[in-house]
1. For region 28-42, enumerate the residues that are in contact with a Phe, Trp or Tyr (Cβ under 9 Å, 6 or more places away or on another chain) and at pLDDT 95 or above.
2. Checking residue 55 against (1) free of Cβ contacts under 8 Å to residues at least 12 places away in the same chain; (2) in contact with a helix residue (DSSP H, G or I) (Cβ under 7 Å, 6 or more places away or on another chain); (3) aliphatic (A, V, I, L, M), which single condition isn't satisfied?
3. Tell me, which helices (runs of 4 or more DSSP H) wholly within region 1-57 include 3 or more residues that are within 21 Å of residue 67 (Cα to Cα) and among the small types (Gly, Ala, Ser)?
4. Select from region 39-69 the residues that are among the acidic types (Asp, Glu), surrounded by 12 or more Cβ atoms within 10 Å (Cβ to Cβ) and within 15 Å of residue 3 (Cβ to Cβ) and list them in ascending order.
Amino acid sequence: MIFKEWLKQHKDDPSAIGDIAKDMLADPHFTESQKKEDILEYLQKAGAIQDALDAFNLAWKEYSREQKR
């Protein structure tokens, strides 16, 4: 499963992951890249605050863990 699809499953979560999912899914210019580094670079260039970057890193960690199952 690609990261963006995984995020869609969490958009209604009452958590930091749910918040970042809503933000990313609402951005029509959000990168289609599946590389963590590319997504992080996009967020930084878009001016994401540290809390958003932390939420992304948490989401990526959860996503990666689930993909290893």
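1. Within region 28-42, the subset in contact with a Phe, Trp or Tyr (Cβ under 9 Å, 6 or more places away or on another chain) is 29-31, 33-34, 36, 39-40, 42.
Across region 28-42, the qualifying residues are 36, 39, 40, 42.
2. Failed condition: (1).
3. Details: elements: 3-8, 16-26, 36-45.
Here the list reads 16-26.
4. As a first pass, look at region 39-69 and keep what is among the acidic types (Asp, Glu): 41, 51, 54, 62, 66.
Restricting the remaining residues to those that are surrounded by 12 or more Cβ atoms within 10 Å (Cβ to Cβ) gives 41, 54, 62.
If the condition is that a residue be among the acidic types (Asp, Glu), surrounded by 12 or more Cβ atoms within 10 Å (Cβ to Cβ) and within 15 Å of residue 3 (Cβ to Cβ), then 41, 62 are the ones that fit.
The values are calculated or read from the model by the stated rules, or taken from the named source; none is laboratory data. If you're wondering where the values come from, they're calculated on a predicted model, not measured in any experiment. With ideal geometry, Cβ positions are generated from the backbone for all residues, glycine too; neighbour counts draw on all protein chains shown.
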